[in-house]
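The values are calculated or read from the model by the stated rules, or taken from the named source; none is laboratory data. In this text, all values refer to a predicted model and were calculated from it rather than measured experimentally. Backbone-built Cβ (ideal geometry, glycine too); neighbour counts: all protein chains shown. These area figures cover heavy atoms from the full protein model, side chains too; ligands, DNA and RNA do not enter into them. Shrake-Rupley method; radii C 1.70, N 1.55, O 1.52, S 1.80 Å.
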Amino acid sequence: MIKKYLKLLFATILFFLIIFSINSLAGTTGKISGKIIDASNGEPLIGANVIIMGTTLGAATDFDGNFFIINIPPGKYEVKASSIGYNSVIIQNVRVSVDQTTKLNFDLLVEAVEMGDVIVVATRPIVQKDLTSTQSSISGEDIAMLPLETVQSVVNLQAGVINGHFRGGRIAEVTYLVDGVSTNDAFTGLPTLEAEVNSIQEIQVLTGTFNAEYGEALSGIVNQITKLPGDKYDFNFSGYFGDYVSSRSDLHDNISNISPTGVSNLQGTFSGPIPGAGELLKFFISGRYFKDDGYIFGERVFNPSDVSNFSANDPADWQVVSTGDGNFVPMAFEERLSLQAKIAIKVGTGRGIVINGLYSSKKFRSYDHIYKLNPDGDYKKFNDSYLLSTQYTHVFSNSTFLDVLASAFESDFKQYVFKDPLDPGYVDPSVKNVVSGNAFLTGGTQNWQFNRTSQTYTGKMDLTTQLTQIHQIKSGIEFKYHNIDYEDFQIVINASTDFKPTLPAPGSFNFNVYNTNPYQFAGYIQDKIELDYLIVNIGVRFDYFQPDGKYLLDPDNIAVLDDLQPPFPDSLMGTASVKSQFSPRLGISYPISENGAIHISYGQFFQIPPFEFLYRNPNFRIPLTGNFPENIGNIIGNTDLQPQKTIMYEIGLQQQLFSDYGVTVTAYLKDIRNLLGSELHEKNNFKKFSKLINLDYGSVQGFTLSFEKRFSNGFSATLDYTFQDAKGNASDPNDAFNKASANPPIEVNKQLAPLDWDRTHALNFTVTAGVPGDYIISTIGRWGTGLPYTPAIQNQRTGLENSDNKPSIFTMDMFITKFFDLFDQQISVFLKVFNLFDSANELEVFSDSGRAGTTLELTRAQEQPRGVNTLSEFFTRPDFYSAPRQIVLGASLEF
């Protein structure tokens, strides 16, 4: 009933936003400020006008000649200053970034004769003096000049980011926003929807101590601001086709079979006024279809229904039933369709609304090595995501505005072999037992299905006021209501079911199902203080979480629940308590000269664990026998988990070296507490299981060094180096259970160890050269030391946890574009090469050798596996290596 009324409430909010909204914006905004003086005597000009051309935004100077313009969407603008009796000055190419202040000063000449407007071309400053913590702002134009295909590839290029981990944090500690709305799936904590790069206006990546307006993140923020509908028609369409081109035929089956459509991409954008509506209605639409067959193939030697017999001692007597057609099947593919639409409605002068919708449908597979010869028996995965938001801004004055946003986000995930759980294609799981260890399956299917839907409804308001020329106050409140529907179940096939697929009863050991509706509230206030000699960001945030759940008081007494049906007696259960925290944030920037600034920052951060850990196994079923997937049947969730917390410190220096060169040095320290861990228990004194609790902790320290050469004289370059030491007592929340279940059991860590994603040294660089509008050549290079691993021989550790390192990695991508004019329209042809040198980077290794291509298992005297493969074939792991060289060729049309 609550869910029904909340949905009605949000529908009502959306309706009234459409009716009464004013001056809508897409995403967060920036600011322009400065001073206008008389060029002849340096005196301030009072009442001079400043306007952003092509918009209704502007301001007038005060008694000291100062002005400010707030509420500016990110992008490039022309800004005009004028005053009676003076020549006007227009500054072009003025770039505004989210949450930042762009400084503009004007010197106006007395108008002696008619000489027209004075034109000045701005250059982006090397040193952003109001940065009080680490932030990168990457424009859509910058992205278009590099071989970057996704938002995640842009993020991974930033200093301090290692494969999605921000400064040593766990993977789900980053909030991803699209136009101000979170697209993290509340169940997993990971983003399931992102804007495509062709629709990006700017990406803001915050890896430092971000301001109080941002919450629900321990390590960072990725803010994706998409393009606004334009006043003129703008159309862009591009496509490319290609495949993997590599000589690694010893690793990758089917790699020599090059297909021109192995990788394909079609994308486009279209923007402008709606015909016949004048300036009332404008639109922006974008779409992308992407398909990648991948570089890991299985061979359909067997079908899931095949049943072989390898029980005889003499291999000559083995009975091999193989009905497969022998075709190669992609086992790590991705197919994705993304759509976005914006409608801008202008009602009267300065009135309007933007409605934004995004959709993504993704089909993919994750490679499972034992299914290499029986590829149709493994899981297929599907993820559909939807986002609808309406945002408007009420402008009270030139110095105060109110942002109001309402949104609905949904993520649907499914995983199965066959969509119909009663499909006759499912077979008896004992079919998979006919082979021994180190052998590929010769039949059988994965016999579980997973379905979940996560819905998040958000309402938020933010009030921004430029109280004085010095103080900008921002405050806001946010409410989130979640709806989680989850089920996982086993398809039962055995003699008792006449070997036909059947489903267990919901709530039984092998059929988990639940619905829950937690909600969150947050509020914040912050002040940005801008003095000539000091900039301060200070604020505080309050977070509140209502878990909506029960937890088991005594896990050691879990066996008594086997004879009960939920809801369980209150004597056995506890009610999860409300969680809340105040989190202070402080950042200070001190300009040491016209070309340099030092900043220091401090912040406390609060994040609720992903909901999958709170509500896992809600019926507390721990079976004593049976085959269950990982994390099912051996772990119980905990709705009373405490928030995870991080305290972060940072100090940095920005310094311009020459007119187009700059360097930034930043050192950081993170103290991480209340991370998820597992507490061990036993059922009936022999069956081990674990309960998730707040147990783990970690510490991260490091520094980054960044050089930038701004685009001039035909080229630009960046270089980012990161040194990092990320340690913790565990990398995985299930670490304690996994160690206790090992044979023999492994003692849990008594001291900090390197985390699985701790790359000590990382170096990224980009080089771009060319003449815009004629040709562009760009490259991206990445080098890093190897990630840690734990050395072991035959599952017996020979060293401490993560005490050794995998080999270092290196890869380089290249992008070449040539532009042409055809019938007054611009077209381009381009070539993209990913992993230019076809580097075989070893991402995973065998623990006994520290390499991906060899293992001591091949040197030990042992019998060949009972199956159709040799040991050498089984220990050839294509999934241990990075993707081989990929070459695509395409064209783009724009008008």
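Quick notes on this structure:
- Filter result for Pro429 (modelled with pLDDT of 95 or more, closer than 24 Å to Ile632 by Cβ and either open to solvent by 20 Å² or more (accessible area, probe 1.4 Å) or out of contact with any helix residue (DSSP H, G or I) (no Cβ under 9 Å at 6 or more places or on another chain) (or both)): no
- Of all positions in region 169-176, at least one carries a residue that is in contact with a helix residue (DSSP H, G or I) (Cβ under 9 Å, 6 or more places away or on another chain) and more than 20 Å from Glu650 (Cβ to Cβ).
- One residue alone among Arg877, Arg851, Arg885 is of a type in the set (Lys, Arg), under 27 Å from the mean Cα position of the chain (by Cα) and at pLDDT 95 or above, and that residue is Arg885.
- Evaluated against (1) more than 23 Å from Ala212 (Cα to Cα); (2) touching a Leu at 6+ places or on another chain (Cβ under 9 Å); (3) open to solvent by less than 30 Å² (accessible area, probe 1.4 Å); (4) of a type in the set (S, T, N, Q), Ser407 falls short on exactly one condition, (1).
- Among residues of region 364-388, those that are open to solvent by less than 10 Å² (accessible area, probe 1.4 Å), of a type in the set (Ser, Thr, Tyr) and either out of contact with any helix residue (DSSP H, G or I) (no Cβ under 9 Å at 6 or more places or on another chain) or closer than 19 Å to Asn184 by Cβ (or both), counted: 1
- Scanning region 669-685 for residues that are open to solvent by 10 Å² or more (accessible area, probe 1.4 Å) and over 30 Å from Pro629 (Cβ atoms) yields Leu669, Asp671, Arg673.
- Subset tally (residues that are at pLDDT 95 or above, open to solvent by 40 Å² or more (accessible area, probe 1.4 Å) and either farther than 16 Å from Asp293 by Cβ or in a loop (DSSP other than H, G, I, E, B) (or both)) for region 238-255: 1
- The strands (runs of 3 or more DSSP E) found entirely in region 95-189 that carry 1 or more residues being farther than 20 Å from Gly208 by Cα and open to solvent by 30 Å² or more (accessible area, probe 1.4 Å) are 101-108, 118-121.
- Meets criteria (farther than 30 Å from Ala39 by Cα and open to solvent by 10 Å² or more (accessible area, probe 1.4 Å)) for Gln92: no
One line per residue, one yes/no per condition, for (1) under 30 Å from Val435 (Cβ atoms); (2) crowded, with 20+ Cβ neighbours inside 10 Å; (3) without any contact (Cβ under 8 Å) to a residue 24 or more places away in the chain:
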residue: Pro273; (1), (2), (3): no, no, no
residue: Glu299; (1), (2), (3): yes, no, no
residue: Asp314; (1), (2), (3): yes, no, yes
residue: Thr323; (1), (2), (3): yes, no, yes
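- Checked against the criteria, Asp543 does not count as of a type in the set (Asp, Glu), touching a Leu at 6+ places or on another chain (Cβ under 9 Å) and more than 18 Å from Thr134 (Cα to Cα).
- Verdict on Lys688 being in contact with a helix residue (DSSP H, G or I) (Cβ under 9 Å, 6 or more places away or on another chain), open to solvent by 10 Å² or more (accessible area, probe 1.4 Å), of a type outside the set (Val, Ile, Thr) and in a strand (DSSP E or B): yes
- Criterion applied to Ile221, Ile203, Ile285, Ile225 was being in a strand (DSSP E or B), open to solvent by 10 Å² or more (accessible area, probe 1.4 Å) and not small (Gly, Ala, Ser), and the one residue passing it is Ile285.
- Residue match in region 736-758 (condition: of a type in the set (Ser, Thr, Tyr) and under 23 Å from the mean Cα position of the chain (by Cα)): no
- Among the candidates Gly652, Gly637, the residue that is closer than 30 Å to Leu157 by Cα and open to solvent by less than 30 Å² (accessible area, probe 1.4 Å) is uniquely Gly652.
- The residue pairs whose first member lies in region 551-575 and is more than 23 Å from Phe611 (Cα to Cα) and free of Cβ contacts under 8 Å to residues at least 40 places away in the same chain, whose second member is among the aliphatic types (A, V, I, L, M) and surrounded by 14 or more Cβ atoms within 10 Å (Cβ to Cβ), and whose beta carbons are closer than 8 Å, counting only pairs six or more residues apart or on different chains, are Asn557/Leu572; Val560/Leu572.
- Any hit, region 466-482, residues being open to solvent by 30 Å² or more (accessible area, probe 1.4 Å) and acidic (Asp, Glu): yes
- The residues of region 586-612 that are in contact with a strand residue (DSSP E or B) (Cβ under 7 Å, 6 or more places away or on another chain) and either open to solvent by 30 Å² or more (accessible area, probe 1.4 Å) or on the phi > 0 side of the Ramachandran plot (or both), listed by number, are Leu586, Ile588, Tyr590, Ile592, Asn595, Ile598, Ile600, Tyr602, Gln604.
- Selected residue [in contact with a strand residue (DSSP E or B) (Cβ under 9 Å, 6 or more places away or on another chain), part of a strand (DSSP E or B) and under 29 Å from Val513 (Cβ atoms)] from Gln472, Gln455: Gln455
- For first residues located in region 155-178 and of a type in the set (Asp, Glu), partners that are open to solvent by 20 Å² or more (accessible area, probe 1.4 Å) and not in a loop (DSSP other than H, G, I, E, B) and lie 6+ apart or on another chain with Cβ distances below 9 Å form the pairs Glu173/His165.
- Given (1) open to solvent by 20 Å² or more (accessible area, probe 1.4 Å); (2) assigned to a strand (DSSP E or B), index of the condition Gly662 fails: (1)
- Evaluating Leu552 against the criteria (1) touching an Asp or Glu at 6+ places or on another chain (Cβ under 7 Å); (2) under 25 Å from Gln607 (Cβ atoms) leaves one unmet condition, (1).
- When the residues of region 256-269 are filtered to those that are without any contact (Cβ under 8 Å) to a residue 40 or more places away in the chain and open to solvent by 50 Å² or more (accessible area, probe 1.4 Å), the one that is nearest to the chain's Cα centre (by Cα) is Leu266.
- One residue from Ile37, Ile69, Ile32 being over 14 Å from Val404 (Cβ atoms), at pLDDT 50 or above, of a type outside the set (Phe, Trp, Tyr) and open to solvent by 30 Å² or more (accessible area, probe 1.4 Å): Ile37
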